[in-house]
Amino acid sequence: MSFGVHLVDEPATPGGRMPGRRFGRRPRGRFAVIATLCGVWIVCGLGWCGARCLAADQKDDLLSDDPPAAKPVAPATAPKSAPGGDDLLDDAGPKAPPPKSSPAPPPVPPAAPATQPAAVPVAGAKEDPHALLLRQQYPSAAECAKCHGRIYDEWASSSHAYASISPMFHKFEQKINDLSQGTVGYFCMRCHGNVGTTLKEDRYKPLWERSPVSIEGVTCIACHRVKTDYNKSNGQRRIEPGDIHEPVYGNAPGDDVKKVVSRPDEWHVKPAADPKGPGMDIHREGIHFEQLSRSDFCVSCHQVAVYPGIKLEVVWDQYRASPAAAKGVTCQQCHMGSKPGIDSGYPLFPVAVVNGKATPDKPHHNHAFFGPGYPTAHPGLFPQNPRNAEFSAATWLKFDYRSGWGTDDFEHKIASKRLKVAFPKEWDNIDDRQTAREIITENIKRTEAKRELRRQVMENGSHLDGPFFEGTPAAGQALSFHYVVKNTNPGHNLPSGSLGAQPEIWLDVALVAPDGKRVWESGYVDSNGDMADIHSEDVGKGKIKFDDQLFNLQTKFLTTNVKGTDREMFLPINVDIDQLPFIRPAGLPISVLNHPPFIRMEAKSIPPLGSRNAAYHVSASALSKRGTYKLAVRMRSRAEPIYFMRFCNATRDMEQSMNEWMIDIHPYTVQFDVK
C-alpha cells in the first residue's frame, strides 16, 4: 500500500532543430543518381563522425527542464558523482529526446508531392540491357506513388522502407556471416532485400550499386505482387514479375481499378504498353488476395528460425496463443489502423488519386506500419525521398549535418570568415550545402513524425503503476517497494521482436532526499549508454557499480562454451567451441531438448495482457533524513545495446543516433513523507 503519495508533473523539454533555409541560392542543373546507405561500407564515408560525441554525452534528466552541461554521474547508492552514467535526476548523462506531453499529431500527414517521384537509374553510365529488362519487371515504389501518394508518404519513413538501408542491419549481417564462415549466406537478405535477392544481386554489394527497387527494402511489390499463400517459410515468398501494367494483389476485389481502366480517356491512364500514346501507365487489374488481410501473411518474415533450430523472430508464436488471436484481431488491425498499437478501426480515404481525380473513400490501411523501430542512417539517405538522389551516397556521407552545414547561421559564419572549415570538394559550393540542408530538414521532419508514432505505440502497449510500499516509510529504516509493469497489448509479448541482444526495455528508478540529492538509483546507464549489467564496458573496468536490482525485459541468448557453464551471448553461435565456428544443424532432433544443443534463449518479456513486479530495496542509510522524498520512474526503450553495436563494428555516428532515439515511456514522479 502507498502512503502520502502525490503525483508531480515534470514537463520534458523537447529537443529542437534549426531548419535549414536557403539564401542567395543560384539555379542548379545537377541531378545525381540515387543514394542509399549500407553499413558494411559506411566506415570510410563517415570518417568525419569519429570526432562527434555520443548521445551519451548529452543531457538526460527527468527532473530538470533546462539542458545542462554533461558531467559524470554517480552509480546507484552514492549522492556524489562517479565516472559514467545516464542521470535520471540531475544535470548529467546521455540524453534521449524526451517524450512529448502535448497531444499526438495525426500519423504521418498525407503529402501529395508537387513533383511526382520517379524511378531513378542505378549509378553508372551504361546498364546491361538484360539487367534493365529484368529491373523493369519489378516496379519501384516511386512509380506507385503517382496514384498512391498518401500510402507512399506513410511507407517512406517506415521500418519496411528502412529494411534494406539500415546500417546496423548490414553491420550485423556481415558480422554473423563472418562468424559463421559464410554459411548464413543470403538468409537475412531474403526479408530485408527480397527484391534484390530475386534479382540475384550479391549480398555484399553496396546499396548504391543496387537497383532502385532493391534499396526500397520491403517495397510495394514485396506484398502486392505476391499471390501464393505462404506460412512459416523464412522469407521465401515469390514476387510475381511484370512491368507496371501487370496486376497487383490487395485486400479488396479491385472494383476501383476496373472502373478506372475501363475509362482510360476519362482518367487519362494507359493500362498497357500498347498502343502508344498519352496517358499515365498503371496496372490493368486489381486482384483480391485474401491472405493479405490475415496475420499469417506477415509470418514469413516475422517468424524466423536459423539453421541450428533456434528462433530469432518469435512474434507469430506469441500472437497465435494470444487473446487477440482468439478474438480474431489481426496484426494489420493494430499495426495499420487509425491508432498505433490498438485495434480501433480504419479511417476512410481514397485508395488512389489518379491524375488529380480521387477514387471513392475506402478503409485506409496506414503503411507506416506502427512499431518501435527507428532509423540510424544519415538523414540524407533516409527516409525514402526522391530528392535524396540529387547527391550520391558517397557525397551524402561526407556531409556533416550535425555541424549545421547549410543552415543560415553556419553559412553566415563561413561568409564572414568567423568560421573556417576545410570542406570536401563535393561540398565546397554553398548552393549545394543549402540544397542538402533543405533535403535533410524535410527528411528529419518525417523521422520526427515517426518518433512520435513510436512513442504512441509503446505507450499504448504498456502501463506502469506504483510505487507500492511495504510498510510505512520511516527515517533510519530500509525501504522496500515495487512497481507493476503491465503489457496491455493483447497480441504479443512486451517487448517482442528478434535476436538475443535486442530490443531493450528497462526501468530507471531514482530516489531523491529532501535536500535534493539523489541517494539511490537502479536502471542508470554507463558512459556509452548501456545498462550497468554484465555487458557494460564501464562495469567490466570497475568504473561504475554493477546494478544488482536492474529490471530488464531484454531477452538473451545462452550459449554453452568450452569452459564454464551457460553464459549470455549476443548471437546464437558457440564462438569458443570451434576455431572455425559454423551455424550448423543439430545432430539430434530439436524436439528432444526443445532447443539446439549448447544454444538456448532466455526470454524475459511479458506475455500479452500479463504483468510483472519490479521490486526494489533501499538501504536504511539512504533514508537518514526526515522530510519529503521524491521517487522518479521511467520505462526506457532502445533498439540495440551499444555493446552489441560495437561487437558488430558499428560507427560512432551510428552509436550516437541509436542513443538519440532512446525514448522514455510513462515518466512520472511521486512524493512521499518520511517521519
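The values are calculated or read from the model by the stated rules, or taken from the named source; none is laboratory data. Only a predicted model underlies this, so the values are computations on that prediction, with no experimental measurement involved. Positions of Cβ are backbone-derived with ideal geometry, glycine not excepted, and every protein chain shown enters the neighbour counts. In case anyone asks, the SASA skips ligands and DNA or RNA and just uses the protein heavy atoms, side chains included. Shrake-Rupley method; radii C 1.70, N 1.55, O 1.52, S 1.80 Å.
The mean sequence distance of close C-alpha pairs (under 8 Å, at least 6 residues apart), as a share of the length of the range 341-478, puts its relative contact order at 29 percent.
Can you pull a Stokes-Einstein diffusion coefficient for the range 369-441 at 4 °C (1.567 mPa s), Rh from Kirkwood over Cα pairs, as a whole number of µm²/s?
Here the translational diffusion coefficient equals 98 µm²/s.
Once all protein chains are placed together, Asp343 keeps about 70 Å² accessible to a 1.4 angstrom probe. For the range 255-397, the solvent-accessible area works out to 44 Å² per residue, with a probe of 1.4 Å and every protein chain left in place.
Shown for the range 234-309: the carbon plus sulfur share of the solvent-accessible area, taken with all protein chains present and a 1.4 angstrom probe, equals 54%. Annotation: amide H-H contacts under 5 Å for Val525 (H modelled 1.01 Å from N, sequence separation of 5 or more, or interchain): Asp86. Of the accessible area of the range 331-396, computed with a 1.4 Å probe over protein heavy atoms only, carbon and sulfur atoms account for 64 percent. Using Cβ point charges alone (K and R +1, D and E -1), the dipole size of the range 288-341 about the Cα centre works out to roughly 160 debye.
Rounded to the nearest 5, what % of DSSP beta bridges with both residues in the range 176-330 are antiparallel?
On the way: 3 of 8 bridges.
Approximately 40 percent, going by the DSSP bridge assignments.
Our note on the geometry: Cα centres of the range 278-313 and the range 618-675, 38 Å apart. Each residue of the range 513-530 was assigned a 3J(HN,Hα) from its phi angle through the Karplus expression (A = 6.51, B = -1.76, C = 1.60, θ = phi - 60°), giving 6, x, 7, x, 8, 6, 10, 6, 7, 9, x, 5, 10, 8, 5, 8, x, 8 Hz with x at Gly and Pro. Scanning residues 5 or more positions from Trp520 or on other chains, those with amide H under 5 Å from its amide H are Leu511, with H placed 1.01 Å from N in the peptide plane.
Scanning residues 5 or more positions from Ile663 or on other chains, those with amide H under 5 Å from its amide H are Ser637, with H placed 1.01 Å from N in the peptide plane. Element breakdown for the range 476-540 at a 1.4 angstrom probe: carbon and sulfur atoms account for 51% of the accessible area. In order along the range 183-195, the Karplus-derived 3J(HN,Hα) couplings, from 6.51 cos²θ - 1.76 cosθ + 1.60 at θ = phi - 60°, round to 6, 6, x, 7, 3, 5, 5, 4, 9, 6, x, 5, 5 Hz, and Gly and Pro are given as x.
For the range 598-604, backbone phi angles converted through the Karplus equation (6.51, -1.76, 1.60; θ = phi - 60°) give residue-by-residue couplings of 6, 9, 8, 10, 9, 7, 10 Hz, Gly and Pro being listed as x. The charge dipole of the range 157-275, taken about the Cα centre with unit charges on the Cβ atoms of Lys, Arg (+1) and Asp, Glu (-1), comes to about 420 debye, rounded to the nearest 20. The Cβ shell under 10 Å around Leu494 holds other residues with a net charge of +2, Lys and Arg each +1, Asp and Glu each -1.
The residues packed around Met601, meaning those with a beta-carbon under 15 Å from its beta-carbon, carry a net charge of 0 if Lys and Arg are +1 and Asp and Glu are -1.
Just need log10 I(q)/I(0) for the range 410-541 at q = 0.13, 0.15, 0.17 Å⁻¹, Debye formula, equal scatterers on the alpha-carbon atoms, no solvent, rounded to two decimals. Normalising to I(0) and taking log10 leaves -0.92, -1.02, -1.10.
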